[in-house]
Amino acid sequence: MEVTEEEYEKCVSPHPLFFSNNGDIVFKFDRAGLFYFISGVRGHCDRGQKMIIKVLDIEASPSPQYANSTTPKPHSKSGVAELTPMRIMTESIVIMLTILGAAGAQEIGKHHNKGRTLNVKQVSYHEFEKFVKEESSRPLANLSTPLCSAHQMGSCRMGSNPKQSMVNETGETWEMEGLYVPDTSVFPTALGVNPVVIVQAIAYYVAQSVLEVLRMKRSK
């Protein structure tokens, strides 16, 4: 369902298209056009977290994330597109540059050491498409562009047994007594949002566990 511009501005729609917190919902478009998406997370609309997706072309493919793509689409033997980390980054560049252009950005570009920028307001649509294709095809290897990741979580999971986790229910590691982990590493998976309050709660909980152990040792 296409959301009208008026509904988009009000962040209200009788038939809104929602993204989940971690972005795992994918929509299959049946036509090209300008679509307005509203985040399904409470409070996001008030903070301006809305999206414009411009679908340029529709292909007979079960992978709608390629709708805006101008790069080749490799397929495995099963016929399903292989989303390798490098492929995901390349496709993401295509999509993000297209979103920025459709959303009204004056100038777009990416952090490549040989990359260029483009003044969207001063070029034709054909020139815009050419720019997106050229910039997204630049290699990402050999330190050609900065790559970073934020909000790493779940690398030291909390659990009830050492086979499926790194720390126990108190935050203490299974392998070393007295070693505690009080951060987002103990999450079972990445949340997809900034976990400020949850980090504070985890840190407080683990700290209380440490204090309880110290009290027990002191009372002996």
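Any read-out appearing in this document is the output of simple, stated calculations on the displayed coordinates, not a laboratory observation. Computed from a predicted model, the values in this text were never measured in an experiment. Virtual Cβ from ideal backbone geometry, glycine too; neighbours counted across all protein chains shown.
With both labels modelled 7 Å from their Cα along Cα-to-Cβ, the Ile198 to Asn142 distance reads 4.0 nm. Stretching the chain fully between Tyr205 and His111 yields a gain of 29.8 nm (0.36 nm per residue, less the alpha carbon separation).
Sorted fewest first by neighbouring Cβ atoms within 10 angstrom, Met86, Met176 come out as Met176, Met86. With neighbour counts taken as other beta-carbon atoms within 10 Å, the residues Leu118, Leu140 rank, fewest first, as Leu140, Leu118. With q set to 0.14, 0.27, 0.29 Å⁻¹, the log10 of I(q)/I(0) for the range 152-220, from the Debye formula over equal scatterers at the Cα positions, is -0.42, -1.19, -1.28. Residue exposure proxy: His112, His126, His151, ordered by other Cβ atoms within 10 angstrom of their Cβ from fewest to most, comes out as His126, His151, His112. Annotation: extensible slack from Glu169 through Glu212 equals 14.1 nm (criterion: 0.36 nm per residue apart, minus Cα-Cα distance). Computed from the C-beta positions of Ser149 and Lys121, the FRET efficiency with R₀ = 25 Å rounds to 0.15.
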